[in-house]
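Heads up, the thing below is written out as structure tokens.
The values are calculated or read from the model by the stated rules, or taken from the named source; none is laboratory data. Nothing here was measured: the structure is a model prediction, and the numbers come from that model. No Cβ is skipped: glycine too gets one built from the backbone with ideal geometry, and neighbour counts run over all protein chains shown.
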């Protein structure tokens, strides 16, 4: 975290209780199925160690990361639960993964050979999950090569092929085509599972469901699900809510971003604040400045998207383009003082602004909004 992040009045509050509750809600959906809490990308921007601890308290028993560095960070923080690196890593990084007792993903024949060679050198016995490509075509063993990869890994006395998994790229889609594609992926995975079972080499842990799969496709649960976005209080798509509401449950966004007014001035109608002088004030107004900008993850496109912030429990528009370190807000004729709190994301009074709202105004997705909140915004755990 930079020095500026510690010494300016802008911060993110992360509700530990919300993450615990969200994990419990997802656990209620899957019952006895194991829950892997995905805490990659610094816990989707919430803080990896905070998110991991809260998720485990909420019923998760496994953690998922994207890189060995993320897994090693959790080990240094004292987490001794299973940690799966959900992407295949380069061969030179495998020793560090094994040293930290991280469960590796194998997604290719070359990857299988690299793991076997490294495990033989390190000795011991090391957990591996095999990822098979059932249609996303980003990473994973081709189905026709799965038997050979399983056999290569299984022949090593130093490798324990614990898991088999795949990924569902459109499980959140509501279209008929998306739903048909996801259903076909699940059936494909089931066929591969059956084939391995018939050969007597089926791994113990089977998983393919992300948050959307968990909520929308009960048949995708298998022995473990991987929940990411839902852990932090957001639905992959509105239609996914039914699995929760039917059980009297709901998700709670865990992050609130707050800042404080550091400057104010009264401007006449027609003045054009900020870079580019993009838009004139329609009337005389007070404008205030807060110390947070696009370098901190407040998207520049939100100005043109009509973004609002909360000041005194009321929605207020931006008065000009988002700058790297600051925002200028039109508060009209409201009485606003230096030091007054402004909420950019979260609740103030009866109003609430969500990552989904930012995403809609920015033409992106909530996943990106949350994960690009920058390191200059300190995360503070709150109850």
What are the pairs, 6+ residues apart or on separate chains, where a residue within the range 93-105 that is in a helix (DSSP H, G or I) has its Cβ under 6 Å from a residue that is crowded, with 23+ Cβ neighbours inside 10 Å?
93/68; 96/68; 97/68; 97/104
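Of all the residues that make up the range 58-69, how many are surrounded by fewer than 18 Cβ atoms within 10 Å (Cβ to Cβ) and assigned to a loop (DSSP other than H, G, I, E, B)?
Of all residues in the range 58-69, those surrounded by fewer than 18 Cβ atoms within 10 Å (Cβ to Cβ) come to 59, 61, 66-67, 69.
Next, only the ones that are assigned to a loop (DSSP other than H, G, I, E, B) stay: 59, 61, 66-67.
Adding up the residues that qualify gives 4.
Residues to consider are 55, 72; find the one that is surrounded by 23 or more Cβ atoms within 10 Å (Cβ to Cβ), part of a helix (DSSP H, G or I) and in contact with a helix residue (DSSP H, G or I) (Cβ under 7 Å, 6 or more places away or on another chain). Please lay out each step first, then the result.
On the way: 72 fails: surrounded by 23 or more Cβ atoms within 10 Å (Cβ to Cβ).
So the residue among 55, 72 that is surrounded by 23 or more Cβ atoms within 10 Å (Cβ to Cβ), part of a helix (DSSP H, G or I) and in contact with a helix residue (DSSP H, G or I) (Cβ under 7 Å, 6 or more places away or on another chain) is 55.
Okay, residues lined up against (1) touching a strand residue (DSSP E or B) at 6+ places or on another chain (Cβ under 7 Å); (2) under 30 Å from residue 60 (Cβ atoms); (3) at pLDDT below 95:
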site	(1), (2), (3)
230	no, yes, no
244	no, yes, no
248	no, yes, no
257	yes, yes, no
261	yes, no, no
Would you mind telling me which numbered condition in (1) under 33 Å from the mean Cα position of the chain (by Cα); (2) over 25 Å from residue 13 (Cβ atoms); (3) part of a strand (DSSP E or B) residue 289 fails?
(2)
For the range 333-377, what are the residues that are surrounded by fewer than 16 Cβ atoms within 10 Å (Cβ to Cβ), over 18 Å from residue 251 (Cα atoms) and touching a strand residue (DSSP E or B) at 6+ places or on another chain (Cβ under 9 Å)?
333, 334, 335, 337, 338, 339, 341, 349
